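> Got a structure for you, written out below as structure tokens; questions coming shortly.
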Amino acid sequence: MLLLYADTVGAKMASVGIRAVELARTLRPHCAGVTVAAAAVTDPPDDGVRYVTFRPHDPGSLAPHLLDVDLVVAQPQWPAHMALLRRSGARLIFDLYDPETFPTIEHLAGRPAPLRRLMSAYSIDRVAEAMRIASHVICATERQRDLWLGVLLAGRAITPALYDRDPSLRSVIDVVPFGVPRDPPRPGAVDPIRARFPALGARDRIVLWNGGIWPWFDAPSAIAAVGALAGRDPGVRLVFMGATSFGPAQRATREARAAAGPLLDRAVFFNDVWVPYAERDGWLLAADCALSLHHEHLETRLSSRTRLLDCFWAGLPVVCTRGDEFAERIERDGLGATVGPLDGAGAARALETVLDRGRAAYAPALARAAADHSWERVAAPLVAMVTATGGRLGPPAALRVTERVRNLAYRAARGALGGVPRLD
């Protein structure tokens, strides 16, 4: 089988690459051979999975990897690759864990309106095509599942025959959340946070922002919260763990650094590189609390904040903004605290409470949450789909005229793209 994800696989991976690798590892015992096709592969893991590359706009780079493949798990791809998948004869499982239309709209804020409309339309086209040709669909949350069921209904794919076969439709569209490793995190010989930032004292209490900074996040409120708390507790420090070269994240990081003002490199610290996947546990174990704040919009409601799962895995309590499913669990199960959007003062109070209680008070509940999200457990619906036989959502519907026009325009421009279009 082939897993097709247009991201980098290697030491420094973002969530798409991590998901591809971990799902491949989980599926390997259930398949004769598992291959991951990624946009780039650097120092691939030695885990029994085969890793190859493809170019997101070059169907010739993908075609050899589809030879003799009977099953593909993929994110929706650009039109030329979707046509290859459609003609391959393989059973297709599409992974819609990232509702990319909303990040696309956010990424392109401030860019020319025609570009923004076109790129968002392409993202919707990819999902529509996936729904037409899929045998099964997976996503990351129940909210996302409701969204994609609505898309199926709007596309007239929920037929009486499909409903009679499975009234729940779980066999064709189910939830496969992000997961965490089964093995516990391992402390290193050196505290990586204090090694990176020697100005941090041994008794300082570290609030860790353990992912990148994106436009839909609210780093300024996080900085304001720690600034207010530091006035009462001078030992509180905020550390932004990762940096990315992606344009929108760079802009958001510059804005966050400007918001830090006199707190920069005194109470607020920015790591300027992406921490390797295998080294993240040291950062999580060295912190006292995690912080993740964001604005209120559709991206928030339908997102899956994958980095928060690492906090569950490492026993690190979380303060975060309300609005997504992880926040609901944090509030319900006592895994930290939640606050309203743009509430820096509330975040300061929540941080103070969590820091004063200490990690040990949250450890049992966090351990239970981590156990619920082991990759083996969360991927069980995907394993069931992979080992099932036959079936599809329904007969493919015809492309709309507007989709045909965009596909023709894409084919005409594909040679000039040369890779995934950058948004910076």
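> Report for the chain the percent antiparallel among DSSP-assigned beta bridges with both residues inside it, nearest 5. Could the numbers behind the result be given before it?
Numbers: 1 of 43 bridges.
Percent antiparallel among DSSP bridges in the chain is about 0.
> I've got another one for you. Can you give the direction-averaged projected area of the convex hull of the alpha-carbon atoms in the stretch 173-303, in nm²?
9.6
> Given points 7 Å out from each Cα along the Cα-Cβ axis, report the Asp146 to Val405 separation in nanometres with one decimal.
With each label placed 7 Å out from Cα toward Cβ, I get 3.4 nm.
> I'd like to know which of Ala90, Leu293, Ala63 lies farthest towards the positive end of the charge dipole of the chain, counting +1 on Cβ of Lys and Arg and -1 on Cβ of Asp and Glu.
Ala63
> In percent, how large is the relative contact order of the stretch 12-109, given Cα pairs closer than 8 Å and 6 or more residues apart? The partial results should precede the final answer.
Details: 90 pairs, mean separation 17.1, N = 98.
Computed value for the stretch 12-109: 17 percent relative contact order.
> State, as an integer percentage, the relative contact order of the stretch 309-376 based on alpha-carbon contacts under 8 Å between residues 6 or more apart.
On the way: 80 pairs, mean separation 27.1, N = 68.
Reported as a whole number, the value is 40 percent.
> I'd like the accessible area for Leu351: 1.4 Å probe, protein heavy atoms, all chains in place, Å² to the nearest 10.
Counting only protein heavy atoms, Leu351 exposes about 0 Å² to solvent.
> Return one number: the angle in degrees, 0 to 90 and rounded to the nearest 10, between the long axis of the Cα atoms of helix 15-27 and the longest principal axis of the Cα atoms of the chain.
60
> Mind computing the radius of gyration and Dmax over the alpha-carbon atoms of the chain? Å is fine for both.
For the chain, the Cα radius of gyration and maximum Cα-Cα distance read 21.9, 65 Å.
> Report the Stokes-Einstein translational diffusion coefficient (µm² s⁻¹, integer) for the stretch 21-150, Rh taken as the Kirkwood radius over Cα pairs, at 4 °C with viscosity 1.567 mPa s.
On the way: Rh = 16.1 Å.
After rounding, the answer is 80 µm²/s.
> Leaving out ligands, DNA and RNA, and with a 1.4 Å probe, what % of the accessible surface on the chain is carbon or sulfur? Working shown, then result.
Numbers: 9990 of 18110 Å².
Percent of accessible area from carbon and sulfur atoms in the chain: 55.
> How big is the dipole moment of the chain about its Cα centre under a simple scheme where the beta carbon of each Lys and Arg is +1, that of each Asp and Glu is -1, and everything else is neutral? Debye, nearest 20, please.
Magnitude of the dipole: close to 800 debye.
> Hey, if you put +1 on the Cβ of every Lys and Arg and -1 on every Asp and Glu Cβ in the chain, which of Ala113, Leu4, Thr53 ends up farthest toward the positive end of that dipole?
Ala113
> With both bridge residues required to lie in the stretch 200-297, what share of the DSSP beta bridges run antiparallel, to the nearest 5%? Before the final figure, lay out the partial values.
Working: 1 of 12 bridges.
Expressed as a percentage, antiparallel bridges in the stretch 200-297 total about 10.
> Mind jotting down the three principal axis lengths of the stretch 1-49 based on Cα atoms? Whole angstrom, largest first.
27, 19, 14
> Leu342: accessible area at probe 1.4 Å, nearest 10 Å²?
120
> Could you work out the per residue convex hull volume over the alpha carbons of the stretch 279-353, in cubic angstrom? Kindly include the intermediate steps, with their values, before the conclusion.
Numbers: hull volume 6.1 nm³, N = 75.
Here the figure is 82 Å³ per residue.
> Given Cβ point charges of +1 (Lys, Arg) and -1 (Asp, Glu) and nothing else, what value in debye, to the nearest 20, does the dipole of the stretch 225-280 about its Cα centre take?
Values: 7 positive and 5 negative charges, 22 e Å.
My answer is approximately 100 debye.
> Suppose only helical runs count, i.e. DSSP H with n ≥ 4. What mean residue ellipticity at 222 nm does that imply for the chain under -39500 (n - 2.57) per run, divided by all residues and rounded to the nearest 500 deg cm²/dmol? Numbers along the way, then the final one.
On the way: 19 runs with 194 residues, N = 424.
When only DSSP H runs of four or more count, the value is -13500 deg cm²/dmol.
> Starting from the 7 Å offset along Cα-to-Cβ, what nm value, one decimal, do you get for the label separation of Ala361 and Arg86?
According to this spin-label approximation, the distance is 5.7 nm.
> Let me ask another. Please report the Cα spread of the stretch 8-83 along all three principal axes, rounded to whole Å, starting with the longest.
30, 28, 18
> Here's something else I'd like to know. Using the heavy atoms of the protein chains and a 1.4 angstrom probe, tell me the accessible area per residue for the chain in square angstrom. Write out the running numbers ahead of the final one.
Working: 18110 Å² over 424 residues.
Per-residue value: 43 Å².
> Still on this model: Could you rank Tyr5, Tyr51 by how accessible they are, 1.4 Å probe, largest area first?
On the way: Tyr5 5, Tyr51 35 Å².
These residues rank, largest area first, as Tyr51, Tyr5.
> At each listed q (0.09, 0.10, 0.17 Å⁻¹), what is the log10 of I(q)/I(0) that the Debye formula gives for the stretch 88-233 modelled as equal alpha-carbon point scatterers?
Log10 of I(q)/I(0), two decimals: -0.52, -0.62, -1.06.
> How do Cys289, Cys31 stack up against each other in accessible area, from largest to smallest, with a 1.4 angstrom probe? Numbers along the way, then the final one.
Working: Cys289 0, Cys31 30 Å².
Listed by decreasing accessible area, they come as Cys31, Cys289.
> Using Cα springs under 10 Å in a Gaussian network model of the chain, which residue among Leu118, Leu92, Leu284 shows the largest mean-square fluctuation?
Of Leu118, Leu92, Leu284, the most mobile in the Gaussian network model is Leu118.
> Hey, another quick one. Report the relative contact order of the stretch 227-340, percent, no decimals, based on alpha-carbon pairs under 8 angstrom and at least 6 residues apart. Display every interim value, and only then the final one.
On the way: 123 pairs, mean separation 22.7, N = 114.
Dividing the mean separation by the residue count of the stretch 227-340 yields 20 percent.
> Mind putting a number on the dipole of the stretch 161-318 about its Cα centre? Charges go on the C-beta only, +1 for Lys and Arg and -1 for Asp and Glu, and I need it in Debye to the nearest 20.
Details: 18 positive and 17 negative charges, 68 e Å.
Magnitude of the dipole: close to 320 debye.
> Follow-up question, since we're still on this one. Write down, largest first, the equivalent ellipsoid semi-axes of the stretch 76-117 in whole Å, where each equals the square root of 5 times an eigenvalue of the alpha-carbon gyration tensor. Display every interim value, and only then the final one.
Numbers: eigenvalues 159, 35, 4 Å².
Ellipsoid half-lengths, sorted descending, are 28, 13, 4 Å.
> In addition: With the dipole of the chain worked out from charges on the C-beta (+1 for Lys and Arg, -1 for Asp and Glu) around the Cα centre, which of Ala260, Ala360, Leu229 lies farthest toward the positive end?
The residue sitting farthest along the positive end of the dipole is Ala260.
> Quick one: how many Å² of Met119 are accessible to a 1.4 Å probe, rounded to 10?
Estimated to the nearest 10 Å², Met119 gives 30 Å².
The values are calculated or read from the model by the stated rules, or taken from the named source; none is laboratory data. Keep in mind that this is a model prediction, so the values were computed, not measured. When we count neighbours, we look across all protein chains shown, and the Cβ atoms used for this are built from the backbone with ideal geometry, even at glycine. Calculation scope for accessible area: heavy atoms of the full protein, side chains included, ligands and nucleic acids excluded. Shrake-Rupley method; radii C 1.70, N 1.55, O 1.52, S 1.80 Å.
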